[in-house]
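The values are calculated or read from the model by the stated rules, or taken from the named source; none is laboratory data. The model shown is predicted, which means the values in this text are computed figures rather than measured ones. All Cβ positions, glycine included, derive from the backbone under ideal geometry; neighbour counts span all protein chains shown.
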């Protein structure tokens, strides 16, 4: 419960770290822009931290402020800066953005976009099609009793009932050719196209890719009748069959 | 039968429920007696180690000298521990130990006792303790058939559903990939009047949820409590509806067709109403 109208919570965010080695504003802006143009959507409004701990010469306050302005002008959001704690510049308190503690960072490899061939005579293309490998469908003929849990890596077909207190999960679709009285979770690895089909909707919970609905809500839509559950624009839809 | 030797045809029937107080021991005593009355040599084993009750219901509590755990631990022979029923020919009781707990039961120990019993008996009734832990799992592990005792209320039905799942996954038949345990639903403490008022689940409600064949419906009856306190299995009370309903259930277990009865609200006759009966 919050009396103050807010809650303070911790959160971890992945950001880009701009590590300056030598200060040469024009070079930095030029090369940074080049990187951004390769994958513009990756950098658009991306939070960025400027790290000057690797600079041997150090940097003046004016230079640093110009750097922040230039980086912001490229569409990045500067959320903080880092510096070697032993070589903290005297002007550090004058910087408006927060000084972050030093930590380890991994270099990001941004592979350049595929280069356009300059009008070749013969075009040889290797087309690699990305396909989902279909996982074997699991078929169950016995009733799934209270306390039992069944998981399928592909689709799950149950030719019987799923009792209250039982749980059926699948990476793909779930079909229940009987009463669904327990919990059914389809697309548990995030497949938003997964669906749940059942002959009699009496579920405790249905979920697709983490979006769930409880029986109280289901009872107002379809109850004790055949139904399918699908995800439309991040919200569950229960449709009578 | 499910034990290692295939020379005998003893059938092991577990009477189980998950939930406590639904009538497992009453039903074990009644059904075991009913089978013996039909001339089949029958033994009822009390698996409720530490909470021995079957001997009281069967009225043989004063004759208990050795028990099931003594036999498992080879402190007594089976013939020393078996109690012959005084009323019913062909009926024996193997009482539980009151001073031990369920850890005294081991797969090997139980198997040894069942194998020895299977040489002499046609039917072995295992009266399961409540719960889904070791005692209940030991009682059902070697079963060929299960009688799931359920009261017409949601918590009992849920627990029965749970135990049905365990029967089909943790029994020896399930582990060996053999034909699954034969399941029978026995609905006890059924009160047609309260069903009519919507206070109690109906037979069809329970059948719909559990989806197993119905062996019988035992109406709520004062005769059951009376019989328990007297140490007489209620099936011997042929004046009571409960006793007759148990006999019907035994007939069905033996493969005979019997119509369900005592499912309707009894209309009191004029004289009965006048006498306040």
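Can you say whether residue B:216 is at pLDDT below 95 and either part of a loop (DSSP other than H, G, I, E, B) or under 14 Å from the mean Cα position of the chain (by Cα) (or both), as far as the supplied structure shows?
Values: at pLDDT below 95: no; either part of a loop (DSSP other than H, G, I, E, B) or under 14 Å from the mean Cα position of the chain (by Cα) (or both): yes.
Taking the combined requirement at face value, the residue does not satisfy it.
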When (1) out of contact with any strand residue (DSSP E or B) (no Cβ under 7 Å at 6 or more places or on another chain); (2) surrounded by 24 or more Cβ atoms within 10 Å (Cβ to Cβ); (3) away from chain A (no Cβ under 13 Å) are applied to residue B:161, the one that fails is (3)
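Just checking, does segment B:113-128 include any residue being within 14 Å of chain A (Cβ to nearest Cβ) and not in a loop (DSSP other than H, G, I, E, B)?
At the first step, the residues of segment B:113-128 found to be within 14 Å of chain A (Cβ to nearest Cβ) are none.
Looking for residues that are within 14 Å of chain A (Cβ to nearest Cβ) and not in a loop (DSSP other than H, G, I, E, B), one finds none in segment B:113-128, hence no.
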- Task: For segment B:130-144, indicate whether the set of residues that are in contact with a strand residue (DSSP E or B) (Cβ under 9 Å, 6 or more places away or on another chain), within 11 Å of chain A (Cβ to nearest Cβ) and farther than 19 Å from residue B:108 by Cβ is non-empty.
- Result: no
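Would you mind stating whether residue A:10 is at positive phi and out of contact with any strand residue (DSSP E or B) (no Cβ under 9 Å at 6 or more places or on another chain)? Please lay out each step first, then the result.
Values: at positive phi: no; out of contact with any strand residue (DSSP E or B) (no Cβ under 9 Å at 6 or more places or on another chain): yes.
Considered against the rule, which asks whether it is at positive phi and out of contact with any strand residue (DSSP E or B) (no Cβ under 9 Å at 6 or more places or on another chain), residue A:10 comes out as no.
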Matching residues in segment A:184-202 (more than 14 Å from chain B (Cβ to nearest Cβ) and closer than 23 Å to residue B:163 by Cβ) number 1
Within segment B:175-222, residues being farther than 22 Å from residue B:247 by Cβ, surrounded by fewer than 16 Cβ atoms within 10 Å (Cβ to Cβ) and within 14 Å of chain A (Cβ to nearest Cβ) number 6
Among helices (runs of 4 or more DSSP H) entirely inside segment A:18-91, those with 1 or more residues being within 20 Å of residue A:102 (Cα to Cα) are A:61-73
